[in-house]
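Please read the structure below before turning to the comments.
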Amino acid sequence: MMLPFRSDRQTRVEAERCLQCYDAPCTAACPAQIDVPGFIAMIRSGNLTGAAETVKTANALANVCGKICPEEIFCQSVCTRSKQDTPIAIRELHFYATLHESRHGYSTPRFFSRNGRSVAVVGAGPAGLACAFELAKLGYQVDLFDRRLPGGVPRYSIPSFRLSEEELNCDITFLSRYFQFQKAVIDEVRFREIENSHDAVFIAVGLTMDKPLPIPGAQLQGVIPVLSFLESAREGADASAPGKRVIVVGGGNVSLDAAATAKRLGSDEVVLMYRRGEKEMRVWSGELKEARQQGVQIQFFTTPIEIFGRNRVQGVKCRRTRLSDERDATGRPLPLDVDGSEFDLEADAVIPAIGQVPGANFLRLFERTLQGYLKVNDSFATSRGHVFAGGDVVGGEGTIVQSVGHGKKAAHCIHRYLSGEMDP
Ligand code: SF4
């Protein structure tokens, strides 16, 4: 990972390396479809505000993505410049421009002419915010609802050492000029009211419930659901280490964040336990490297079979695993237990991070997939007339920028539907 740029001169030197490719593979690889050569050309000419505006117009969470987007799998992974030497530091240029603008004053808000229709967006995380912003640009009156402050995963689950409050609030401050936000708990009754008072609804409530570990002892004191752990760690200065010896179970970015956070909060020993190998992990390589450097130990090919202790956690009984030839729904090889390989690990806290599922109760009104996600068609339409959905609630854990991409695409589907061009 590159060090962030510190001056306009540094950014301009980097921007000069861009080849301004005609086919812009970087833009094609960006789920939010940012005009990458366009904003880099503006940085070259010293127009940082224009660069920030170009990025923000395409990506509602511009500043957040500039800080934490995994460029290694999106724009930078396909940058033509890497055929000559190294890819352009697209994310860092993007972040420099958007943060510069937020610190030096936003440009005058652009108000889009209204078309007389209204859309409700339920869920103010990345997909909801992106959809709301895109619909506002298309002329809709947008009412955004969430039981908590806007931001979703970036506000509540991403550790503050990766994304600060200030960096998130830059985006929220910019966006809040374009729609009405209401803090509200949405149950079935309230959902029906919202549905009846708007021309369309977009649901982006994300995944709010942790999957429990299906093993004995998972109810013991000291077993901490990962979402509440990350949220309380983000909340502030008085967050304390979850324990001296902590075991985090899982192989995704959320488990890696939890392990790195526990270490930073002062836990002496943090073990990340994963039932497959490093190749099968769903994490960004930079973050894995960082976590190792911080001292997080990783036990691959290991699965917990029991959490033991009197009233509270004292350790975890584990078993070794190996990979079979069979694949699961994600295409990864299924792990098999290795008989007779059981062993114990001492621990005083266990953080299961094996995935999340949708939690909002009004989702009972909809058809769901076998995994519990909301069922949508290619146009993001749900089983209920004029209700659309996108983001993690329809497909599991994606990246922030993928959720932004969903929100944008869904907004255009809603627009086509309300313009009579599409039957969902
Ligand atoms: Fe510039 Fe790389 Fe995009 Fe080409 S692919 S326009 S070099 S950032």
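Remarks
- Within region 76-129, trypsin sites (Lys or Arg not before Pro) in DSSP loop having at most 12 other beta-carbon neighbours inside 10 Å: Arg110, Arg114
- Inter-site label distance for Ser419 and Ser82 at 7 Å from Cα along Cβ, in nm: 3.6 nm
- Absence of a disulfide-compatible partner, taken as no other cysteine beta carbon within less than 4.7 angstrom, is noted in the chain for Cys18, Cys21, Cys30, Cys79, Cys131, Cys170, Cys318, Cys413.
- When the convex hull of its Cα atoms is projected in every direction, mean area for region 213-352 (nm²): 8.5 nm²
- Percent antiparallel among DSSP beta bridges (both partners in the chain, rounded to 5): 35 percent
- Spatial offset of region 121-163 relative to region 390-412 amounts to 11 Å, using the alpha carbon center of each.
- 222 nm mean residue ellipticity, helices alone, for the chain (DSSP H n ≥ 4; -39,500 (n - 2.57); rounded to 500): -10000 deg cm²/dmol
- Over the chain, volume per residue of the alpha carbon convex hull, in Å³: 161 Å³
- In plain terms, the residue of Val205, Val296, Val350, Val121 with the fewest other Cβ atoms within 10 Å comes first and the most crowded comes last, giving Val296, Val205, Val350, Val121.
- Cα-projected label distance for Ser379 with Leu19, points at 7 Å along beta-carbon direction, nm: 4.0 nm
- Straightening the chain between Phe111 and Lys289 buys 59.7 nm, computed as 0.36 nm per residue apart minus the Cα-Cα spacing.
- GluC sites (Glu not before Pro) within region 32-100: DSSP coil, no more than 11 neighbouring Cβ in 10 Å: none
- Between Val338 and Ser7, the modelled labels are 5.5 nm apart [label points 7 Å from Cα along Cα→Cβ].
- Residue pairs, from the table Lys289/Lys317; Lys83/Lys375; Lys289/Lys375, whose Cα atoms sit over 32 Å apart: Lys83/Lys375; Lys289/Lys375
- Gain on full stretching of the segment that runs from Arg264 to Ser197 - 0.36 nm per residue minus C-alpha separation: 19.4 nm
- As a length-normalised measure over Cα pairs under 8 Å and 6 or more apart, the relative contact order of region 48-180 settles at 28 percent.
- Alpha-carbon Debye profile of region 72-218, log10 I(q)/I(0) at 0.13, 0.18, 0.22 Å⁻¹: -0.76, -1.13, -1.34
Taken together, the values in this text are just the output of simple stated rules run on the coordinates, not laboratory data. This is a predicted model, so every value here is computed, not measured. Note: ideal-geometry Cβ built from the backbone for every residue, glycine included; neighbour counts use all protein chains shown.
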